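Asks: Attaching a single structure in structure tokens format; questions to follow.
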Amino acid sequence: MKFTPQSFRAWERRNITLLGMSGVGKTYISGLLRRHDWFHFSGDYRIGTRYLDEPILDLIKQQAMTVPFLKELLRNDWIDIRNNIKIEDLGPVLSFVGKLGDPDHAGLSLPEFSQRQALYREAEIAAMRDVPEFIRKAREIYGYAHFVNDVGGSLCELEDDSVIELLAEHTLILYIQVTTREEEDTLIRRAQSDPKPLYYRPAFLAEHLPVYMAEKGVEFVAQIVPDDFTRWVFPRLFHSRVPRYEAIAGPHGYTVTSQEVARVRNEADFLDLVEAAIARKR
């Protein structure tokens, strides 16, 4: 969607997609807007509760079946297992994605890791294609005036132009950009201090995995310490994603900085910031 500051100000039912690296303030803004009659659509929550729900449960049940006591309960349908995914806690989704490396450190083999990565990509594409329908549901079923799409940091990795075009058709895309070296270092340190499972484009992983293994003197994937690889690769992933975000925001959206987002305290602040971003682009 394209706007002038005046047309944005007059837009009665706003639909906004927040784009950017994890940690730049997307969920902060979404939570703030949720308190002001905005429907909060979390891409990762939709992925976990709809598109990866069964694979996640299958993984849990597979592990439970290795415990004789739980195996008997499951086979006799005496217990039930379900996910308890929350917008603020996407643990089951992250556990499913997993990390590459030594199985003794909860790592996955390359074929298993690649399969889960592919399933996650398909799920994220499907979740983003649900956005127009959820915009309708937000209005007609739940009575929300506005809609905010809180997308995962990997949206720029999907390599599916139709997803971006769909979001641009139905929402204003707002890219939250990291502009200072200090902020960049903070995000990288935070990610490295608590390594989380990540999605990698197949070409990115194929390029960087051999480099890591050569640097560390690792001969087999099963020898990789999962957290060590995640810490090593994250800065490279960060820098590879920046031009991809910019390639989306350039033709399809508007850009604000994470510093500007950090100063937002209420809905009015946020709307003023978006209007300023529109004016800057024009």
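Computed from the coordinates by the stated procedures, all read-outs in this text should not be read as laboratory data. All of these numbers come straight from a predicted model, not from anything done at the bench. Cβ atoms come from the backbone with ideal geometry, glycine included; neighbour counts cover every protein chain shown.
Asks: Taking 2.2 N^0.38 Å as the expected size of a compact globular protein, what ratio does the Cα radius of gyration of the range 141-275 give against it, to two decimals?
Replies: Relative to the rule-of-thumb radius for its length, the range 141-275 sits at 1.26.
Asks: State, to one decimal in nm, how far the label point of ARG13 lies from the label point of ARG236, with both points 7 Å from Cα in the Cβ direction.
Replies: The modelled label-to-label distance comes out at 4.7 nm.
Asks: Using DSSP to define loop residues, name the trypsin sites (Lys or Arg not before Pro) in the range 11-62 whose beta-carbon has at most 13 other beta-carbon atoms within 10 Å.
Replies: Those that pass, being in a loop and sparsely packed, are ARG13, ARG35.
Asks: Treating the angle as unsigned and between 0 and 90°, give the value, to the nearest 10°, between the Cα long axis of helix 161-170 and the longest Cα principal axis of the chain.
Replies: It works out to around 40 degrees.
Asks: Measure off 7 Å from each Cα along the Cα-to-Cβ vector at GLN6 and ASP58, then give the distance between these two points in nanometres to one decimal.
Replies: Label at GLN6, label at ASP58, 5.6 nm between them.
Asks: Still on this structure, I have one more. Using Cα springs under 10 Å in a Gaussian network model of the chain, which residue among VAL218, VAL163, VAL151 shows the largest mean-square fluctuation?
Replies: Highest fluctuation of the listed residues: VAL218.
Asks: Rounded to the nearest 20 Debye, what is the dipole magnitude of the range 25-108 about its Cα centre when Lys and Arg each give +1 and Asp and Glu each give -1 at the C-beta?
Replies: Charge dipole, the range 25-108, about its Cα centre: 280 debye, nearest 20.
Asks: Oh, and also: Please build a GNM for the chain, connecting alpha carbons under 10 Å apart, and tell me which residue among PHE238, PHE69, PHE39 fluctuates the most.
Replies: PHE69
Asks: Still on this structure: For the range 17-122, report the translational diffusion coefficient in µm²/s to the nearest whole number, using Stokes-Einstein at 25 °C, 0.890 mPa s, and a Kirkwood Rh over Cα pairs.
Replies: After rounding, the answer is 154 µm²/s.
Asks: What is the dipole size for the chain, taken about its Cα centre, with +1 at each Lys and Arg Cβ and -1 at each Asp and Glu Cβ, in debye to the nearest 20?
Replies: In debye, rounded to 20, the chain gives about 720.
Asks: Continuing with this model, one more query. Let me see the pair-distance distribution of the range 136-209: every alpha carbon pair, 5 Å bin width, integer percents in order.
Replies: The distribution over the range 136-209 is 3, 10, 14, 18, 19, 16, 10, 6, 3, 1, given as percents.
Asks: Next up: Quick one: Kirkwood hydrodynamic radius for the chain, alpha-carbon pairs, angstrom, one decimal?
Replies: 20.3 Å
Asks: Looking only at the range 96-113, which residues have a backbone nitrogen under 13 Å from a spot 7 Å from the Cα of PHE220 in the C-beta direction?
Replies: Inside the label zone: 101-104, 109-110.
Asks: If each residue's Cβ is checked for other Cβ atoms within 10 Å, how do MET65, MET21 rank with the fewest at the top?
Replies: MET65, MET21
Asks: Taking the chain as the reference, fit the longest principal axis to its C-alpha atoms, fit the long axis of helix 181-193 to the helix C-alpha atoms, and give the angle between the two in degrees, 0 to 90, nearest 10.
Replies: So the helix axis and the longest Cα principal axis differ by about 30 degrees.
Asks: Could you tell me the largest-minus-smallest coordinate of the C-alpha atoms of the range 89-145 on each of the three principal axes, in descending order and whole angstroms?
Replies: 50, 21, 11
Asks: Going by C-beta contacts inside 10 Å, put TRP11, TRP38 in order with the fewest on the left. Mind dumping the intermediate values first?
Replies: Values: TRP11 16, TRP38 23.
Fewest to most other Cβ atoms nearby, the residues stand as TRP11, TRP38.
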